[in-house]
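Asker: Below you'll find the structure I mean.
The values are calculated or read from the model by the stated rules, or taken from the named source; none is laboratory data. Worth saying up front: this structure is predicted, and the values here are computed from it rather than measured. Every residue, glycine among them, receives a Cβ derived from its backbone with ideal geometry; neighbour counts consider all protein chains shown.
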Amino acid sequence: MSRSFHNKISALDPAARLDALADPASLAWLPAAGASPHLARRGITPAVDDGIIRAHFRISGKSILAAAQDARFLSGSVGANHGAA
């Protein structure tokens, strides 16, 4: 991928990034993994998706399963739900 494409896509939110990659009308969102049970005991407000979304779609006709992180949630850190995704 070109640096220009990388800069443009990294500026998008996670859903828009996956949508930008997908062939038209091929994007199917997968359910959220659920809030991490580990965050509340550390005083962090969990989110239903803990900053990760998942989708199934096609790129040039090939089936893809992908996840995208949201840097606004805990600075995009990787946690338990990322592994479960």
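Asker: Mind checking which residues of the range 34-58 are at pLDDT 75 or above, under 10 Å from the mean Cα position of the chain (by Cα) and of a type in the set (D, E, K, R)?
Answerer: R54
Asker: Is there any pair linking a residue in the range 31-60 that is at negative phi and surrounded by 12 or more Cβ atoms within 10 Å (Cβ to Cβ) to one that is modelled with pLDDT under 90 and acidic (D, E), with Cβ under 7 Å and at least six apart or on different chains, and which?
Answerer: Between residues of the range 31-60 that are at negative phi and surrounded by 12 or more Cβ atoms within 10 Å (Cβ to Cβ) and residues that are modelled with pLDDT under 90 and acidic (D, E), the close pairs are A32/D49; A33/D49; A33/D50; A35/D50; S36/D50.
Asker: On to the next question. Quick test of your reading of the structure: A22 fulfils all but one of (1) modelled with pLDDT of 75 or more; (2) over 11 Å from A68 (Cβ atoms); (3) surrounded by fewer than 14 Cβ atoms within 10 Å (Cβ to Cβ). Name the failing condition by number.
Answerer: Going through (1) modelled with pLDDT of 75 or more; (2) over 11 Å from A68 (Cβ atoms); (3) surrounded by fewer than 14 Cβ atoms within 10 Å (Cβ to Cβ) one by one, A22 breaks only (3).
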